[in-house]
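The values are calculated or read from the model by the stated rules, or taken from the named source; none is laboratory data. Bear in mind the structure is a predicted one, so any value in this text is a computation, not a measurement. Using ideal geometry, Cβ is built from the backbone for each residue, glycine included, and neighbour counts are taken over all protein chains shown. Surface areas here come from the heavy atoms of the whole protein model, side chains and all, with no ligands, DNA or RNA. Shrake-Rupley method; radii C 1.70, N 1.55, O 1.52, S 1.80 Å.
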Amino acid sequence: MSERTVTYPVELLDGLASVASSSLLRIAGAFREVLEPVVAHSALVIFTEDCTGRPRKKAGDPAIVEGVTIAELDAVRQRTPRGPVTPVTADAGPHADRPTSAVIAGAERPIAAWLADTGALLVLTDPEGPIDDRLVGALWEVVAAGIRQQVATAAPDYLRDSRAASSERAGAIAELTDAHATTLESILAVTRSRQTSPEDARTAVTEIASAAMVELRAVSDRDRQLAEEPVARAFARLREDLRPLARFGGPEVQFIEPPVDGRALPGEVAHAGRAIVRGTVLALVEQSSVGRVRVQWDCDGSNLLIGIRDDGPGELTVDTPSVQQLSARVSALRGSLDVQATPGWGSELHVTLPLDPPPATQTRADSAAALTEREWSVAELAAGGARNRAIAETLSISENTVKFHIANVLRKLGVASRVELAAALAASR
């Protein structure tokens with residue numbers, strides 16, 4: 001096997017800068033381009049619980065990126081130690097206590113895996129040649145930290161996509177659970193009947209069906225853990241986020257704890273809630289003479305209720321630039337924001353964020369938000385005039401797969417041609 005020539009750090013730093021500027025929907029492809037000169041691989045997969053809507057981010061071989069499951073990645077993560085690695089030399093190869101093979105997309109494959117301090121997992125399938133383990137690990141730490149930072153800022157586009165993905169995934173999980181539960185329950189009913197098959201057959205099939213039901217429930221529970229965050233834990237993370245304000249001489253921040261038994265928050269709502277509070281507190285302390293800020297969370301079973309109040313001059317309005325930025329995040333989750341200010345007494349903001357996604361999409365903009373990551377990539381290229389073959393080559397997928405995605409995109413957007421598709425995408429932005 002021929003050795004690979006790698007030039008760095010200038011090229012890698014330039015590439016890393018492009019990854020840092022990539023959206024969460026495009027970050028896997030950008031990072032793969034950076035790593036390809038360092039270590040050849042068939043696919044790159046990221047698994048991060050920071051992104052509750054789309055915990056998997058993938059680029060490369062379609063057979064892998066379209067088939068890899070959360071359960072497979074979770075199994076790899078359980079076997080991968082956290083944090084930086086310290087091989088003796090750059091050519092030492094994968095760290096000895098990390099997995100070198102795993103079931104990915106339904107097949108056992110050679111892999112290289114790194115688990116960042118943030119808990120995010122990076123998996124390269126079919127890696128070739130010597131691996132500079134410490135270099136890749138360091139690059140991954142930077143990218144993983146960037147992913148967490150992007151999620152923490154809760155940009156409106158991310159929130160809309162995450163909400164759509166959460167709704168889509170919840171529906172798929174519910175359908176999968178119902179279908180398999182019904183099938184397995186029927187099998188159990190038949191095999192337990194004395195009039196069907198011999199006792200040994202009934203026993204064997206009963207055991208298989210029972211094990212399958214347990215596994216199915218485990219998948220459903222694992223998905224729920226990824227998609228939701230207990231309200232008390234979400235609030236505790238908020239307190240940690242705001243701790244530096246007090247440490248560096250900022251105003252006193254008082255916290256009114258939410259009920260510990262409140263409904264768990266969808267991940268995008270928890271992220272948005274923290275980002276909104278951070279942004280609001282920063283907006284409040286920009287005013288003169290603010291000495292104290294009070295932050296309160298509550299949950300009425302259907303909404304996250306956020307109240308923030310200061311003792312400043314009472315000058316905030318809905319037209320204040322910093323408040324307008326917060327309003328965009330709130331609107332992305334179909335929430336509401338109210339500002340009340342009393343000159344000389346302080347400002348108070350009330351935010352309501354619905355916990356449940358909206359019912360079936362009605363508008364083209366909402367339908368566009370429901371497109372999957374792959375459908376978005378295909379749709380943008382098709383709307384720009386690219387033909388199926390060019391799209392297939394750009395995304396490393398087959399032309400038949402391109403046709404499949406385009407058909408789904410046209411159906412979801414309710415359009416009949418690529419010209420209408422371009423107009424629909426433009427209207428959704």
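Does the range 282-295 contain at least one residue that is among the hydroxyl-bearing types (Ser, Thr, Tyr), in contact with a strand residue (DSSP E or B) (Cβ under 6 Å, 6 or more places away or on another chain) and either modelled with pLDDT under 80 or surrounded by 17 or more Cβ atoms within 10 Å (Cβ to Cβ) (or both)? No, every residue in the range 282-295 fails to be among the hydroxyl-bearing types (Ser, Thr, Tyr), in contact with a strand residue (DSSP E or B) (Cβ under 6 Å, 6 or more places away or on another chain) and either modelled with pLDDT under 80 or surrounded by 17 or more Cβ atoms within 10 Å (Cβ to Cβ) (or both). The residues of the range 102-116 that are under 12 Å from Arg77 (Cα atoms) and among the small types (Gly, Ala, Ser), listed by number, are Ala102, Ala112, Ala113, Ala116.
Beta carbons closer than 6 Å, at least 6 apart along the sequence or on distinct chains, pair a first residue in the range 70-84 that is under 13 Å from Pro99 (Cβ atoms) with a second that is at pLDDT below 85 and surrounded by 18 or more Cβ atoms within 10 Å (Cβ to Cβ) for Thr80/Arg98. Scanning the range 42-52 turns up at least one residue that is at negative phi, assigned to a loop (DSSP other than H, G, I, E, B) and modelled with pLDDT of 90 or more. Of all residues assigned to the range 330-346, none qualifies as being acidic (Asp, Glu) and under 19 Å from Pro251 (Cβ atoms). Taken over the range 379-389, the residue count meeting the criterion of being surrounded by fewer than 19 Cβ atoms within 10 Å (Cβ to Cβ) and in a helix (DSSP H, G or I) is 4.
Residues are listed down the side, and each one gets a yes or a no for (1) in contact with a helix residue (DSSP H, G or I) (Cβ under 9 Å, 6 or more places away or on another chain); (2) farther than 18 Å from Thr352 by Cβ:
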{"site": "Asp241", "(1), (2)": "yes, yes"}
{"site": "Arg263", "(1), (2)": "yes, no"}
{"site": "Glu268", "(1), (2)": "yes, no"}
{"site": "Val277", "(1), (2)": "yes, no"}
{"site": "Ser302", "(1), (2)": "no, no"}
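Filtered by the rule that a residue be open to solvent by 30 Å² or more (accessible area, probe 1.4 Å), in contact (Cβ under 8 Å) with a residue 24 or more places away in the chain and more than 15 Å from Ser347 (Cβ to Cβ), the range 296-331 gives Asp298, Gly301, Ser302, Asn303, Leu305, Gln325, Ala328, Arg329, Ser331.
Restricted to the range 119-132, and to residues there that are surrounded by 18 or more Cβ atoms within 10 Å (Cβ to Cβ) and more than 16 Å from Glu36 (Cα to Cα), the residue that is farthest from the chain's Cα centre (by Cα) is Leu121. Before we move on, is Val409 of a type outside the set (Asp, Glu), assigned to a helix (DSSP H, G or I) and surrounded by 19 or more Cβ atoms within 10 Å (Cβ to Cβ)? Spelling it out, Val409 is indeed of a type outside the set (Asp, Glu), assigned to a helix (DSSP H, G or I) and surrounded by 19 or more Cβ atoms within 10 Å (Cβ to Cβ). Within the range 106-117, residues that are under 12 Å from His41 (Cβ atoms) have Cβ atoms under 7 Å from residues that are open to solvent by less than 50 Å² (accessible area, probe 1.4 Å) and of a type in the set (Gly, Ala, Ser) in these pairs: Arg109/Ser101; Arg109/Ala102; Pro110/Ser101; Ile111/Ser101; Ile111/Ala102, counting only partners at least 6 apart in sequence or on another chain. Scanning the range 390-406 for residues that are in a helix (DSSP H, G or I) and open to solvent by less than 60 Å² (accessible area, probe 1.4 Å) yields a count of 8. Please find, within the range 92-109, the residue that is modelled with the highest pLDDT out of those that are out of contact with any Pro (no Cβ under 7 Å at 6 or more places or on another chain) and exposed (fewer than 15 other Cβ atoms within 10 Å of the Cβ). Only one residue tops the list, namely Glu108. The residues on offer are Glu315, Glu268, Glu257, and the sole one that is acidic (Asp, Glu) and within 23 Å of the chain's Cα centre (by Cα) is Glu268.
Filtering Ala379, Ala383 for residues that are at pLDDT 85 or above and farther than 27 Å from Gly301 by Cβ leaves a single hit, Ala379.
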